[in-house]
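Okay, so here's the structure we're looking at.
Here, each number is a calculation from the coordinates, and none is a lab measurement. On a predicted model such as this, the values are computed, not experimentally measured, just so you know.
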Amino acid sequence: MIEPPGGPAPERTLLATRTDYFEGFNRLLGLAARELRIFDRDLSELGINDPGRIETLTRFLRGSRTHRIYVALHDVEHVTKHCPRLITLLGSYTGGIFIYQTDGEAAKVQDCFVLADDLHLLRRPVASQPRGVLVLNDPKECQPMRERFGEIWESSLPGVSASTTGL
């Protein structure tokens with residue numbers, strides 16, 4: 001197969017189940033070369049605290065000082081209470097991973113999605129529904145989602161820190 005000038009041809013795969021979405025997330029993690037942008041309710045369905053997943057994220061961040069992971073969540077409680085490995089990773093790469101909590105209008109958004117390098121997209125139009133889509137090698141389809149993520153990010157606040165403060 002001959003690749004078109006400019007890279008591989010775009011691919012689009014419809015996802016019918018939560019398992020398909022989880023596997024799509026695995027695939028995006030493997031494809032990410034510079035940055036990940038994750039917008040989710042709470043990360044509970046992505047197995048983010050799994051040792052293998054943390055190792056993949058660590059390898060990604062270790063690849064370059066410029067690699068970044070931006071996470072915007074509606075609810076950070078799952079991360080703070082059930083993801084100690086992710087919190088440790090956050091502490092080790094304070095300039096590489098950022099976890100924010102949505103606020104204002106962003107807190108009302110009902111979809112969830114993951115962007116990798118503005119080329120690959122995993123999305124469920126309604127987070128509570130299993131149906132979704134995996135889009136690979138399509139910067140044109142990813143661009144509007146990148147802009148949406150930027151709007152969500154701007155309307156969010158720092159939500160998780162590796163350090164605890166208080167009495």
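Which of the following values of semi-axes √(5λ) of the Cα gyration tensor in Å was calculated from the structure shown: (1) 44, 24, 15; (2) 26, 18, 15; (3) 28, 20, 16?
(2)
Per DSSP helix of 4 or more residues, -39500 (n - 2.57); summed, then divided by the residues of the chain. What does that give at 222 nm, rounded to the nearest 500? Working shown, then result.
Numbers: 5 runs with 57 residues, N = 167.
After summing the helix terms and dividing by the residues of the chain, the value is -10500 deg cm²/dmol.
Springs between alpha-carbon pairs under 10 angstrom, Gaussian network model over the chain: which of Arg37, Arg18, Arg59 fluctuates most?
Highest fluctuation among the options: Arg59.
Starting from the Cα gyration tensor of the range 72-140, take the square roots of the eigenvalues, sort them a ≥ b ≥ c, and report rounded, prolate or oblate (rounded when a/c is under 1.5, otherwise prolate if a/b is larger than b/c, else oblate).
Details: a/c = 1.98, a/b = 1.33, b/c = 1.48.
Note, shape of the range 72-140 comes out oblate.
Among His120, His67, His78, which one shows the biggest mean-square fluctuation in a GNM of the chain, springs joining Cα atoms closer than 10 Å?
Of the options given, His78 has the highest mean-square fluctuation.
Quick one: compute the contact order of the chain, relative version, from alpha carbon pairs under 8 angstrom and 6+ residues apart, as a percent.
Computed value for the chain: 30 percent relative contact order.
Short version: ³J(HN,Hα) in whole Hz for each residue of the range 136-150, in order, from phi by Karplus 6.51 cos²θ - 1.76 cosθ + 1.60 (θ = phi - 60°), x for Gly and Pro, what are they?
3J(HN,Hα) across the range 136-150, in whole Hz: 10, 6, 9, x, 5, 6, 6, 4, x, 6, 5, 5, 4, 4, x.
Anyone know which of Ala16, Ala32, Ala72 comes out most mobile in the 10 Å Cα GNM of the chain?
Ala16
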